[in-house]
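Inspection log for the structure reproduced underneath, given as structure tokens.
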């Protein structure tokens with residue numbers, strides 16, 4: 001239960017990080033516009049960090065529309081994440097252990113997830129304890145508060161004004177304020193209350209507590225607070241009939257000189273970032289109408305783009321009852337390694353689901369077959385026949401439908417298709433070529449390497465098809481194009497090779513015996 005919750009949080013965290021980076025960039029472009037527009041964009045970030053669902057749109061600015069980390073990742077034989085950013089996916093997926101050996105009783109990802117969940121919960125508890133202690137300390141300072149008028153109180157032992165309370169918000173002011181300063185500060189704090197900034201700030205702290213492990217969220221919490229305060233400053237100056245920039249700046253400098261305990265609690269917020277606020281106040285000018293209009297259009301467009309998930313555009317597959325059989329052929333280095341055909345309903349359903357786990361890219365398909373030497377050719381036979389090509393390109397997986405489009409898919413999809421290929425009897429026995437020598441898969445030998453053997457380092461160059469039925473426990477090695485060309489450490493004992501996880505990429509424990517002749 002908690003591990004699934006943690007995965008959901010990680011997914012919101014990744015999506016929220018995209019939104020944070022985008023808002024930080026947009027904030028630079030909106031530098032000369034009223035701060036209310038920058039502040040409004042942070043509401044989108046808050047939505048992304050706290051809400052796990054959203055709507056779809058072709059205008060989405062997000063790189064991926066599905067959860068980057070699947071909920072069943074600990075059960076996948078080929079676990080991977082899909083953030084929508086290739087360089088990130090490649091870096092992380094390269095380190096994820098592949099559960100290729102059923103002897104393993106515990107998936108390493110399950111252990112990592114458990115440890116991460118425990119650390120995450122401890123962090124949340126620490127944040128909550130910190131906020132509660134700070135709130136209690138602040139409440140003690142307010143015991144002797146003197147009412148000035150409705151919902152406004154004077155306090156001797158605070159150095160900066162603030163608003164406190166969710167439903168019956170009260171304004172607390174230092175007793176040392178002059179009458180002129182009171183007018184400015186009260187107007188500022190009333191602006192916070194009317195805009196429900198105190199509620200927004202509390203939600204922001206809740207998001208920070210949940211996502212405390214992400215430095216981007218800390219940056220968002222701090223910068224959004226600055227935008228909130230500066231937008232209120234501008235609202236006060238806009239409301240006043242006279243130029244109060246000098247007096248207002250003087251008040252900011254006065255309360256910014258001493259940092260009080262108020263800055264230690266998320267439920268009561270004071271006046272921070274004095275230097276930039278003073279600069280913003282002194283440079284404030286009422287914006288031109290066209291600036292406001294353009295800013296509104298930009299914020300609405302960016303907001304909709306960040307709130308929406310990209311519309312998923314999967315392959316349009318035939319219906320199950322339209323398919324009579326499927327055939328799969330593996331091409332390696334331009335040569336066929338054999339064709340299998342199956343009419344098994346379960347395998348057909350698995351194949352169709354795998355093909356639907358795709359999303360169309362901007363790349364066009366302009367050829368009858370892909371321009372590469374290693375791929376799977378998939379034929380869907382029946383009343384609505386179709387042909388597809390599955391291949392790997394720089395650790396990313398694609399399915400191409402000739403002249404229809406190129407679709408991105410996952411490594412898990414690639415492995416599931418490879419398993420169908422290996423599960424169907426054919427005239428070929430899996431074999432590999434390492435250092436120019438072909439080795440057959442052994443169906444009898446113990447996959448555990450004997451002690452005292454020597455280790456070779458070689459490259460799997462190709463898969464060769466000596467005749468013999470395939471082994472049921474072979475799974476995907478040698479049939480998934482992603483393995484070809486990869487380096488592995490190989491244990492050698494005479495004419496036998498033992499492949500395992502010495503290279504740190506995959507957990508592989510299969511035995512290959514030297515072929516006497518090549519075919």
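Below is a table of values for the structure above.
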| quantity | calculated |
| --- | --- |
| Where only alpha carbons of region 171-257 are counted, the Rg and the Dmax (Å) | 15.0, 46 |
| Computed FRET value (nearest 0.05) for residue 136 with residue 311, which takes r as the C-beta separation and R₀ as 45 Å | 0.40 |
| Gained length - residue 301 relative to residue 320, 0.36 nm times residue gap less alpha-carbon distance | 2.8 nm |
| Sequence of 422, 317, 117 once ranked by neighbouring C-beta atoms within 10 Å, starting from the fewest | 117, 317, 422 |
| Relative exposure of 233, 227, 179, 393, judged by other C-beta atoms within 10 Å (fewest first) | 179, 393, 227, 233 |
| All-pairs Cα distance distribution in region 158-209, expressed in whole percent, bin size 10 Å | 24, 47, 25, 4 |
| Computed lengthening from residue 32 to residue 368, 0.36 nm per intervening residue step minus Cα-Cα distance | 115.7 nm |
| Evaluated over region 106-185, the Cα radius of gyration and Dmax, each in Å | 20.7, 69 |
| 10 Å binning of all Cα-Cα separations within region 320-423, expressed as whole percents from 0 upward | 15, 52, 31, 2 |
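Readers should treat all values here as calculations from the given coordinates under stated rules, not as data from a laboratory. Since the model is a prediction, treat every value here as computed from it, not as a measurement. Using ideal geometry, Cβ is built from the backbone for each residue, glycine included, and neighbour counts are taken over all protein chains shown.
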